[in-house]
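Working notes, beginning with the structure itself.
The values are calculated or read from the model by the stated rules, or taken from the named source; none is laboratory data. All values reported here derive from a predicted model rather than from experimental measurement. Cβ placement follows ideal geometry from the backbone for every residue including glycine, while neighbour counts extend to all protein chains displayed.
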2 protein chains.
Amino acid sequence: MNTKILLALALIIVIACSAIFVGLQYQADSVIPADKDTLFQLAAFNTFSTGKYAGLMPYNELEKHGDFGIGTLEGLDGEMIALDGEFYHIPSSGPPVKVEPTQTAPYATVTYFEADRTYNVAGFNYTQLKSYLDGQLDTSKDVIYAIKLSGTYEYAQTRSPQKQIEPYPNLTQALKTQAVFNLSQFAGTAVGFWFPASMDGVDYAGYHIHLITDDRTAGGHLLDCIISNATVEVDIINSYRLVLP
Amino acid sequence: MNTKILLALALIIVIACSAIFVGLQYQADSVIPADKDTLFQLAAFNTFSTGKYAGLMPYNELEKHGDFGIGTLEGLDGEMIALDGEFYHIPSSGPPVKVEPTQTAPYATVTYFEADRTYNVAGFNYTQLKSYLDGQLDTSKDVIYAIKLSGTYEYAQTRSPQKQIEPYPNLTQALKTQAVFNLSQFAGTAVGFWFPASMDGVDYAGYHIHLITDDRTAGGHLLDCIISNATVEVDIINSYRLVLP
C-alpha cells in the first residue's frame, strides 16, 4: 500500500470516527431532556420529618439533578432555595448565602425548570394565590407542578429553622424555635412545588414554597404574602425519582 | 506540509478520536447500571386503587424498565408477573399466557433483578416467611426490597381479579369477584417487593408478591403458601422512579 492510499484510509477513518462521535454525543444529550422533566427527590419527606437531618448528599451532587428547587441543610440548618442553578442557604440568622459545594442536604426536591404555563397575578395573599392556582391547574390529576413566582411583593412572612443538634427532634418540635421574618415592599422570586394527594408520605400533598428577594438579602419558607404583581410560571412534571439513602 | 506529516497527523486524530469514542461509550454504559438498580413504577398505587384501570403504558414500553416485577392489565384484568424478562398474564380464568407487547398496564412495578442477598427457607407458611424476612432485612430502613422466591411448595393460595368494566369500581369492590386458586405440590417462583412505610400511598407498605408455577400452568397474587424448600433472593433498591401518567 502506498502512502496516498494510507492517507486516504486514515481520512476515511477520521470521518467515520467523527460521525460516530456526533452520534454518541446526540445520544448522550438525548438522555438529558428526559431527565430534565423529572422531579428529583432526596429522601422521603415523612422519614426526614421524624428527625433524619444527617447530611445525605453533597450539594455538588444534588445540583446535577436540577437547577431549581427547595430543601434544607444538614441538621435542618435553615432553608435552601435553588434558582437558575444557584443554590442559596437561608439560615435562621436571616441573610442568604451561597451553598458551598461540599455542604450536604438531608432532604431536597429539585428539577430543571421549564415553564409549561404562565399566569399573571396581582393583589393576592398566599391563600388567594393557592385558591387561584387550584382553579387553573388540574389538582385532581396525578402530576407534580413546579411553581416559580417572580415579581413584586407588598409583604411576605417567611421562616427558617434553627440548626438542630443530635439527638434530632422531629420536624414539629424543631420548628418551635424557627426564626420568622417579615419582609415588606420588595422584588423577589418564590420557588416550590405542588404534590398530588397520592404522594403524601414520600412528599406531602399540596404547596411547598420557598422565597428569596432579588437583592438576595432575605428569604425563607413562605408562610404568607401579599403579592403586588407577579408572573407565575408552572412546569408540569409527570416523572418522579426518589433516592432512598 | 508533506504527505508523511499529513499521514502522521491523520493517525494522531484517529487515535484521539478512538479515545473519545471509548470515553463516551463508558459514559453511555455507566447510565445503564444506575437505572438497573431502580424500581420503576407505573402510576401511584392509591390512585390506581380508586379504580383507575385504563391502560397507561404498553408492555413493550414497560419491559424497557425491568425484567422482573408485578402488575396487572387494562381493566384490572388479572395479575401480571415478570420473570427473567418474560411477562405473563394470569387471568381470572386461571392458566397464565404471555402478555402481548401491545397490551397495556394501568399499574406495574418492575426492576432489573440482581440478587444482593440469598437465604434458604423450608416449611414456612406466608406469615412465617414474612416474619423471617422481617428479621433478616432492615425494615426500619428506607429502601425497597425486590424478592424472588424459587423452589418447591406444598401448597399455595393465589388470586386473580376479574376484568372490570367501566365505570370502574375501586379495588376493594373489584376484588369481591376475584378468582381464588388452590395449588398443591408444585415447583414455582414468586416475585414481588417490600416497600417501606414512608412509601405507603405511592405504593403500599409491606410485602406484595405474585407467583407462577415452573410449568406455567397456574399462578396469581400470593394469598398464602406452605413452602417445602426454597431459595429467597433479595435485591436491595434505593432508587425509585414513578411515572405519573
note = Scanning the range A:190-221 for residues that are assigned to a strand (DSSP E or B) and more than 14 Å from the chain's Cα centre (by Cα) gives A:Asp200, A:Gly206, A:Thr213, A:Gly219
key: Hits in the range A:35-56 - residues which are in contact (Cβ under 8 Å) with a residue 24 or more places away in the chain, hydroxyl-bearing (Ser, Thr, Tyr) and under 19 Å from A:Pro161 (Cβ atoms)   = A:Ser49, A:Thr50, A:Tyr53
ask   = Is there a residue being assigned to a strand (DSSP E or B) and farther than 18 Å from A:Thr38 by Cβ anywhere in the range A:127-147?
value = no
ask   = Can B:Leu223 be described as surrounded by fewer than 20 Cβ atoms within 10 Å (Cβ to Cβ), in contact (Cβ under 8 Å) with a residue 40 or more places away in the chain and of a type outside the set (Lys, Arg)?
value = yes
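It is to be established whether one or more residues within the range B:86-105 are in the same structural domain as B:Ser228 (by TED's automatic domain parsing), part of a helix (DSSP H, G or I) and not aliphatic (A, V, I, L, M). Steps first, answer last, please.
Here is the first cut: in the range B:86-105, the residues in the same structural domain as B:Ser228 (by TED's automatic domain parsing) are B:86-105.
Filter once more, so that each one left must be part of a helix (DSSP H, G or I): none.
The answer is no; no qualifying residue exists.
On the basis of being at pLDDT below 95, away from chain B (no Cβ under 11 Å) and more than 22 Å from A:His208 (Cβ to Cβ), does A:Pro95 make the cut?
For A:Pro95, the condition - at pLDDT below 95, away from chain B (no Cβ under 11 Å) and more than 22 Å from A:His208 (Cβ to Cβ) - is not met.
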message = Just the residues that are surrounded by 16 or more Cβ atoms within 10 Å (Cβ to Cβ) and assigned to a loop (DSSP other than H, G, I, E, B), please, taken from the range A:154-175.
response = A:Pro161, A:Gln162, A:Lys163, A:Gln164, A:Tyr168, A:Pro169
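Quick test for you: out of A:Gln178, A:Gln173, pick the one residue that is assigned by TED's automatic domain parsing to the domain that holds A:Ala122, modelled with pLDDT of 95 or more and more than 15 Å from A:Gly94 (Cα to Cα).
Just a single option satisfies the conditions, and that option is A:Gln173.
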ask   = Out of all the residues in the range A:204-220, which are surrounded by 19 or more Cβ atoms within 10 Å (Cβ to Cβ) and either within 14 Å of another protein chain (Cβ to nearest Cβ) or over 23 Å from A:Ala54 (Cβ atoms) (or both)?
value = A:Ile209, A:Leu211, A:Ile212, A:Ala218, A:Gly219
request  = Please work out which residue is farthest from A:Val191 (Cα to Cα), limiting yourself to the range A:50-70 and to residues that are hydroxyl-bearing (Ser, Thr, Tyr) and buried (at least 19 other Cβ atoms within 10 Å of the Cβ).
outcome  = A:Tyr53
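For B:Gly201, indicate whether it is within 14 Å of another protein chain (Cβ to nearest Cβ) and either buried (at least 20 other Cβ atoms within 10 Å of the Cβ) or closer than 19 Å to A:Ala197 by Cβ (or both). If you could, list the steps in order and put the result at the bottom.
Values: within 14 Å of another protein chain (Cβ to nearest Cβ): yes; either buried (at least 20 other Cβ atoms within 10 Å of the Cβ) or closer than 19 Å to A:Ala197 by Cβ (or both): yes.
Spelling it out, B:Gly201 is indeed within 14 Å of another protein chain (Cβ to nearest Cβ) and either buried (at least 20 other Cβ atoms within 10 Å of the Cβ) or closer than 19 Å to A:Ala197 by Cβ (or both).
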task = Report whether or not B:Asp235 is surrounded by fewer than 19 Cβ atoms within 10 Å (Cβ to Cβ) and part of a strand (DSSP E or B).
result = no
request  = Return yes when B:Thr47 is of a type in the set (Val, Ile, Thr) and more than 24 Å from B:Phe181 (Cα to Cα) and no when it is not.
outcome  = yes
